[in-house]
Amino acid sequence: RMSRHAKKLRDHDTNPCVAETDATTKCMNDNNYNKDLCTDYFLKYKNCRRFWHEIMMQRKWNGVKPEMPSAEERKKILESMG
């Protein structure tokens, strides 16, 4: 049974980087936890977190609630960027 924290991390509405997290974990599992073989995945995860953190901070400064856009909103944001 998953803890509340674990469920929150798996929730696409609160965690915009679930896919990057899963890809990184899979890479680590597939490569016997050799980080050097998974640097691209770590970089993609880091970039994802940085990008959505910026969006979240902008929304917070602008008084937009919720601060983290929903999964549907994030999809539209990404589509508008090309």
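The values are calculated or read from the model by the stated rules, or taken from the named source; none is laboratory data. As the structure is a computational prediction, the values presented were derived from the model and not from experiment. FYI the Cβ positions are ideal-geometry reconstructions off the backbone, even for glycines, and counts take in every protein chain you see. Only protein heavy atoms, including side chains, enter the accessible area calculation; ligands, DNA and RNA are left aside. Shrake-Rupley method; radii C 1.70, N 1.55, O 1.52, S 1.80 Å.
Mind listing the Cα extents of the range 12-81 along all three principal axes, in Å, largest one first?
Extents along the principal axes, in whole Å: 44, 21, 20.
Quote the charge dipole size of the range 12-81 about the Cα centre in Debye, to the nearest 20; the model charges only the Cβ of Lys and Arg (+1) and of Asp and Glu (-1). Present the calculation step by step, with values, prior to reporting the outcome.
On the way: 12 positive and 11 negative charges, 53 e Å.
Here the range 12-81 has a charge dipole of around 260 debye.
Can you tell which of THR14, LEU78, TRP52 lies farthest toward the positive end of the dipole of the chain, using +1 and -1 charges on the Cβ of basic and acidic side chains (Lys, Arg; Asp, Glu)?
THR14
In square angstrom, rounded to the nearest 10, how much accessible surface does CYS48 have for a 1.4 Å probe?
The value for CYS48 is about 10 Å².
Each label point is 7 Å from the Cα along the Cα-to-Cβ direction; what then is the distance between the points at ILE77 and GLN58, in nm?
Going by the 7 Å Cα→Cβ label model, 0.8 nm.
Please give the net charge around LYS76, taking every other residue with its beta carbon less than 15 angstrom from that of LYS76, where Lys and Arg add +1 and Asp and Glu add -1.
Around LYS76, the charge tally is -1.
Roughly speaking, what is the stretch gain from THR14 to THR39, that is 0.36 nm per residue apart minus the C-alpha to C-alpha distance, in nm to one decimal? Kindly include the intermediate steps, with their values, before the conclusion.
On the way: separation 25, 0.36 × 25 = 9.00 nm, distance 2.47 nm.
Stretched out fully, the THR14 to THR39 stretch lengthens by 6.5 nm.
In the neighborhood of MET56, defined by Cβ-to-Cβ distances under 14 Å, what is the net charge if each Lys or Arg adds +1 and each Asp or Glu adds -1?
Residues close to MET56 contribute a combined charge of +2.
Tell me, what is the percent relative contact order of the chain, built from C-alpha pairs under 8 Å that lie six or more residues apart?
Relative contact order here is 29 percent.
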